[in-house]
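Trainee: One structure is given below, represented as C-alpha cells, and several questions about it will come after.
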Amino acid sequence: MDDIIGSDSQGAFLLEIAIRTVIMFVLILTILRLSGRRGVRQLTVFEVAIIISLGSAAGDPMFQKDLPIVYAVIVFACVMLIYKTITWLASRSEKLTHVLEGKVLSVVKDGTFDLQHEEDNNFSKMEFFAELRNLNVEHLGQVRDAVLEVDGTLSVLFYPDEQVRYGLPLFPASYKKVNVCTTEGPFACMYCGYVLAHIINESRGCMRCHKKNWAKALNTARYA
C-alpha cells in the first residue's frame, strides 16, 4: 500500500483530491440548477459554452494543490454573472437571441421539405428522416409542420388521419427509386417530397427542386 501511495504526505494529498472533487462536483450541480435548465436536451450552443467554461474552471482545482478552491468559486460566480446578464439582455433583444441561440428553422411544411431554409442548417435529410421515424412518422404526408428548435430537437404537428395526404416514405424499405414508367403513381420526389399523381416522361424533373429521382408515395394514416 505504501508503494502505491508513496508516502503519508502523498496519501494525504490523494485524500485532499477526493475531497476537492466532491466539493467541485457539488458546486457544478448547484450552478447548473441555478441556471434554471432541467436537462441536457434543452441546452443551446450558448449554454454549452457556459458548461465548458465551468468544466474548465472546475477541473484544475480538483487535483492541483496550489490552486485554492476559492479561485474556482470566483470563476463560477463570474461565469454565472455573465450568463444571467446575457440572458437578461437576450430576453429584450430578438437579434441578440438569434446570435446566441440561432433561429427556429422550418423543416417540413404541408407534407414537403421546406427548401427555403435548406441552407440554414447543418442537419442532413437522413438525420431528419431518423428524427421523424423516431416519432412514428411513416411518410411526409402525415406531417403538417415540423420545425428544428434551437436546442436541436424536432417539433412536429401532424395531420388528422382523415386529412393525411400522399407523401415521401421515410423508412428504407419504401424509400427507394422507382421506374415511373412501369410503376403506378402517385410519386414523391426523393429530395424534397413533392408529390405528382402521374409522370409521363421518365426524365421529368421535380418542379420544386428539379431533381429526377422519384419514390412511390404513401398515404397511410399514422396508426393504420
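Values in this text are rule-based calculations from the coordinates and carry no lab data. Just so we're clear, the structure is a prediction, and the values are computed from it rather than from any experiment. Counting neighbours? That spans all protein chains shown, and the Cβs are built from the backbone with ideal geometry, glycine included.
Trainee: Check which residues have an amide H placed less than 5 Å from V107's amide H, if you skip close sequence neighbours.
Mentor: Placed amide hydrogens put A146, V147, L148 under 5 Å from V107.
Trainee: Can you work out ³J(HN,Hα) from phi for every residue in region 129-141, in order, using Karplus 6.51 cos²θ - 1.76 cosθ + 1.60 and θ = phi - 60°, giving whole Hz and x for Gly and Pro?
Mentor: For region 129-141, the Karplus-derived couplings read 4, 4, 4, 5, 4, 5, 9, 6, 8, 8, 8, 5, x Hz, x marking Gly and Pro.
Trainee: Continuing with the same structure: Of K95/K211; K95/K125; K125/K216; K103/K177, which sit over 26 Å apart, Cα to Cα?
Mentor: Too far apart for the 26 Å limit: K95/K211; K95/K125; K103/K177.
Trainee: At a Förster distance of 25 Å, what's the computed FRET efficiency of T30 paired with R92, Cβ-Cβ distance as r, to 0.05?
Mentor: Given R0 = 25 Å and the Cβ-Cβ separation, E is 0.35.
Trainee: At a 10 angstrom cut-off on C-beta neighbours, averaged per residue, how do the peptides 173-181, 186-194, 142-150, 72-80 rank from highest to lowest?
Mentor: Per-residue Cβ counts within 10 Å, averaged per peptide and sorted highest first, yield 186-194, 142-150, 72-80, 173-181.
Trainee: Regarding region 150-215, what whole-number volume in Å³ per residue does the convex hull of its Cα atoms give?
Mentor: So the per-residue Cα hull volume is 123 Å³.
Trainee: Hey, another quick one. Can you compute the modelled spin-label distance between L115 and K212, with each label point 7 Å from Cα toward Cβ, in nm?
Mentor: 1.6
Trainee: Rounded to the nearest 0.05, what FRET efficiency do R133 and E16 give with R0 = 35 Å and r taken as the Cβ-Cβ distance? Could you check?
Mentor: The computed FRET efficiency comes out at 0.10.
Trainee: Multiply the residue gap between A221 and V156 by 0.36 nm, knock off their C-alpha separation, and tell me the result in nm, one decimal place.
Mentor: 21.8 nm
Trainee: Mind listing the phi-derived Karplus ³J(HN,Hα) values for region 207-220, rounded to whole Hz, using 6.51, -1.76 and 1.60 with θ = phi - 60°, and x for any glycine or proline?
Mentor: Along region 207-220, the couplings run 6, 8, 10, 6, 7, 10, 9, 10, 10, 6, 6, 10, 9, 5 Hz.
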